Amino acid sequence: MRPSVFADAWEGLRRNKSIAVSVILVTMISLYLLGVGLLAQRQVDQMKGYWYDRVQVSVYMCTATSSQPNCSGGAATQDQKDSVAAQLEEMKPLVKQVYYESEEEAFERFKQDYENSPLASNIRVGDIPPSYRVQLSDPEKFDTVASAFEGAPGVASVPNLREVFAPLFRAINIITAVMIGLAALTLISAVLLMATTIRQAAFTRRREIAIMKLVGASNRMIRTPFIIETVASGLIGAVMAIGLLWVSAWTLFDKYLLTQQGSGTAFISSADVWIIAPFLLVGVVLLAVGTSTVTLWRYLRV
């Protein structure tokens, strides 16, 4: 490609720098919002994988202070605990792994998880009931296992971990949808600004275009500088959006959440930005090329 093509593109950006800056900023905002939505969805997926791949079923046993109707007879006896353990053993291979957590172990785990919370000082041994924590080979079969123990002698409750976290995941999914919706609106604005930039650039260079057509310049040669201008503006906006996403993710996840919660948490990190970055870059290039092509065909008829 001749150097003059890039020179023409640079001249076009210089002449219409105010609109070009507008395209860059609107593209940055729209891709940032889109990136936030994509990162939020990755967070949901990672949290689901983190929690759902661990304990899908917890069979809580009765204690002397349990208020559930099934615990009116007092704390679960050793025979009742052994019966639950035997039933779980019979459910293999559906039951992948079983871990019994005593009241003391539950208390120690709670203190470790909430060591910086005032709740830790208000919990005593026995406040958290003993339980069989069950990992399933197929998490979708929760009802099969839960129904076998609900109402069983000595069993206080069988909560569904998915139902516990469902409101949180639902809220994040709503936020994701809102972010992607806002991104779609701002992307439309970016497309309209790109089209305006191309039309104005074409108008200011109408004499040059006419001369190029008279001397036999190809349609591609005429279109290329405009396409380069639009792609350049879009890419600058995309790079700025990716940089802003990385700073946001690093500040929120790497610096704050991961250091506060420890390495065993189910959070994404700033590294996830580089996973979605290629999609943002390729997307903005396709958007810019498509907008340029349609606008030039519609308004220049070259």
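The values are calculated or read from the model by the stated rules, or taken from the named source; none is laboratory data. Note that the structure is a prediction, hence the values are computed from the model and not measured. SASA here: full protein model, heavy atoms, side chains in, ligands and nucleic acids out. Shrake-Rupley method; radii C 1.70, N 1.55, O 1.52, S 1.80 Å.
In the assembled protein chains, THR197 presents an accessible area of approximately 20 Å² (probe radius 1.4 Å). By a 1.4 Å probe calculation restricted to protein chains, ILE236 has an accessible surface near 80 Å², given to the nearest 10. Near THR63, the amide H atoms lying under 5 Å from its own belong to ALA76; only residues 5 or more places off or on other chains count, and H is placed 1.01 Å from N. Among the protein heavy atoms, those of ARG133 account for about 60 Å² of accessible surface (1.4 Å probe, every chain in place). A 1.4 Å probe over all protein chains sorts LEU287, LEU280, LEU185 by accessible area into LEU185, LEU287, LEU280, starting with the largest.
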